[in-house]
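Values quoted throughout were computed directly from the atomic coordinates according to the rules given, and no laboratory measurement underlies them. Note that the structure is predicted; figures quoted are calculated from it, not measured. No Cβ is skipped: glycine too gets one built from the backbone with ideal geometry, and neighbour counts run over all protein chains shown.
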Amino acid sequence: MDEQFPREGAPAVAYIALGSNMGNREQLLLSAIGLIDAHPNIAVTKVSGMYETDPVGYTDQPPFLNMTLAVQTTLSPIMLLRQLLAFEQQLGRVRQIRWGPRTIDLDLLLYDNVRMDQEELTLPHPRMMERSFVLVPLNDTMDQSHPLQAEVGAASEAALLDGKEGITLWKTINWRSASEPFES
């Protein structure tokens with residue numbers, strides 16, 4: 001099933017969530033963006049602000065910095081996910097406690113309009129609509145023409161008004177346009 005992606009000649013648009021609550025959180029997020037964008041088959045096209053968020057699930061841990069990226073990629077959804085997992089390992093991710101502290105977390109949220117439910121990957125991400133720490137930054141990066149944009153936008157606004165999940169804008173990021181070369 002995975003071989004059909006992406007459509008020949010047209011890169012897919014995907015959205016990736018990033019999170020960190022160990023070490024230098026900001027630098028880890030920036031390092032992850034650099035690794036993603038340096039991949040020959042992935043181009044970062046838009047970044048959200050960085051949001052500081054209270055932990056969800058396992059709450060006995062430091063606050064997170066969360067953000068999202070919009071990317072264009074010629075990788076299939078499964079290959080993109082596998083590459084994100086490799087980047088996590090490269091940045092020191094160790095999986096010990098479910099929803100526990102981590103140097104970096106990279107989640108594939110959306111891949112074009114693809115809907116899939118496989119053991120390795122479910123798209124759209126199955127819990128993204130329940131998580132303010134995903135919805136608010138995703139709303140920053142999501143293309144207005146995406147079929148889920150209205151739903152994501154409304155849920156993001158409700159989360160910010162409600163304030164129940166402790167999410168605050170921590171820092172804005174000035175990201176280069178897709179046509180400019182990246183300098184580290």
| query | What number comes out for the charge environment of Lys171, summing +1 per Lys or Arg and -1 per Asp or Glu over other residues with Cβ under 11 Å away? | reply | -1
| Cα gyration tensor category, rounded, prolate or oblate, for region 2-171 with a/c compared to 1.5 | oblate
| note | Most exposed first, judged by fewest Cβ atoms within 10 angstrom, Arg82, Arg102 run Arg82, Arg102
| field | Charge tally in the Cβ shell below 11 Å around Val13, where Lys, Arg are +1 and Asp, Glu are -1, Val13 excluded | value | -1
